[in-house]
Amino acid sequence: MAILLQVRDDQGRKLTLYTIEDGEPHPDLPDGWSFEPADATPLWTAPANAISDRQFAQALALAGTISEVEALAWAARGDLPAAMEAALAKIPEAGGHRFGARMMLASATTFERSHPLTEQLGGLLTNPATGTPYDAAALDALWSRAAAL
C-alpha cells in the first residue's frame, strides 16, 4: 500500500509530496528537513520579490502586526507605525544604519523580499500569529499574501 508524505524543509515550508510503498525506507533528507503525513496545505512557492508600499502596509495590517489606521498613514504619508519605530530603535545608530532604515521604510515605494533589511526587520517585529519574530517562512508568507493584494 502506498503512503503519501510531504517534505518540509528546515524553514517549515512544504516543498513536495512523496509517495512511498508501505515498509519501504525513506530516502535521506538534509539536516532539519522532515517527512510527515500529507495534509491539504498547498506547496510552498517563492514569493514575489518586490511588493508595493501599499501591499506591504496592508499585509502587515491584515496580519495584525500594525493597525489599519497605521497602515493607511504609512502608505499615504510615510508615517511609520509604532511597531516599525520600536524595531528601528533596536538597529544601531552607528554608520547611519538606523537613519538609512528609517528613510527606506518611510519613503520606499517598493519593498524587496531579498533586501538585507527585510530579514533584519522581520527579526525585530513580532508575528502576531506566533508571538515570535518573523522568520524566513513567515516573511515569505507575508510577501506572498501582499503580492496577492
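Using 1/(1 + (r/R0)^6) with R0 = 30 angstrom and r between the beta carbons of Asp135 and Leu29, what's the FRET efficiency to the nearest 0.05? Present the calculation step by step, with values, prior to reporting the outcome.
Working: r = 20 Å, r/R0 = 0.65.
Working from the Cβ atoms, E equals 0.95.
In the range 22-129, the ratio of gyration radius to Kirkwood radius, Rg to Rh, stands at 1.13 when only Cα atoms are counted.
If each DSSP helix of 4+ residues adds -39,500 (n - 2.57) and the sum is divided by the residues in the chain, what number results at 222 nm, nearest 500 deg cm²/dmol?
One gets -12000 deg cm²/dmol as the mean residue ellipticity at 222 nm.
Once the Cβ-Cβ distance between Leu117 and Ala48 is put in as r, and R0 is 22 Å, what FRET efficiency do you end up with, to the nearest 0.05? Between Leu117 and Ala48 the formula returns 0.80.
Under a Cβ-Cβ cut-off of 14 Å, what is the net charge of the residues other than Pro30 that fall near it, where Lys and Arg count +1 and Asp and Glu count -1? With Lys, Arg at +1 and Asp, Glu at -1, the neighbours total -2.
For Ala50, the residues 5 or more places off, or on other chains, whose built amide H falls under 5 Å of its own are Arg113. Seen from Pro42, the other residues with C-beta closer than 14 Å to its C-beta sum to a net charge of +2, counting Lys and Arg as +1 and Asp and Glu as -1. For the range 87-130, GluC sites (Glu not before Pro) are listed when DSSP marks them as loop and at most 15 other Cβ atoms sit within 10 Å of their Cβ; the list is Glu93. With axes computed from alpha carbons, what is the tilt in degrees of helix 97-107 against the longest principal axis of the chain, rounded to the nearest 10 within 0 to 90? Result, in degrees: 90.
If you take all other residues with their beta carbon under 11 Å from the beta carbon of Arg8, and give Lys and Arg +1 and Asp and Glu -1, the sum is -2.
Loop-located trypsin sites (Lys or Arg not before Pro) in the range 31-119 (DSSP state other than H, G, I, E, B) with a sparse environment of at most 15 neighbouring Cβ atoms within 10 Å: Lys90. Rolling a 1.4 Å probe across all protein chains gives Phe56 an accessible area of roughly 20 Å².
Please give the contour-minus-distance gain from Asp10 to Ala73: 0.36 nm per residue of separation, less the Cα-Cα distance, rounded to one decimal in nm. The partial results should precede the final answer.
On the way: separation 63, 0.36 × 63 = 22.68 nm, distance 3.66 nm.
This chain segment gains 19.0 nm when fully extended.
Counted residue by residue at 0.36 nm each, then reduced by the alpha carbon distance between them, the extension gain from Ser107 to Leu62 reaches 14.1 nm. 3J(HN,Hα) couplings calculated from phi for the range 24-41 with the Karplus curve 6.51 cos²θ - 1.76 cosθ + 1.60 (θ = phi - 60°) are, in sequence order, 6, x, 6, x, 5, 10, x, 3, x, 8, 8, 9, 8, x, 5, 10, 8, 5 Hz; Gly and Pro show x.
The values are calculated or read from the model by the stated rules, or taken from the named source; none is laboratory data. As the structure is a computational prediction, the values presented were derived from the model and not from experiment. We place every Cβ from the backbone using ideal geometry, glycine too, and count neighbours over all the protein chains shown. Ligands, DNA and RNA are excluded from the accessible area calculation, which covers all protein heavy atoms including side chains. Shrake-Rupley method; radii C 1.70, N 1.55, O 1.52, S 1.80 Å.
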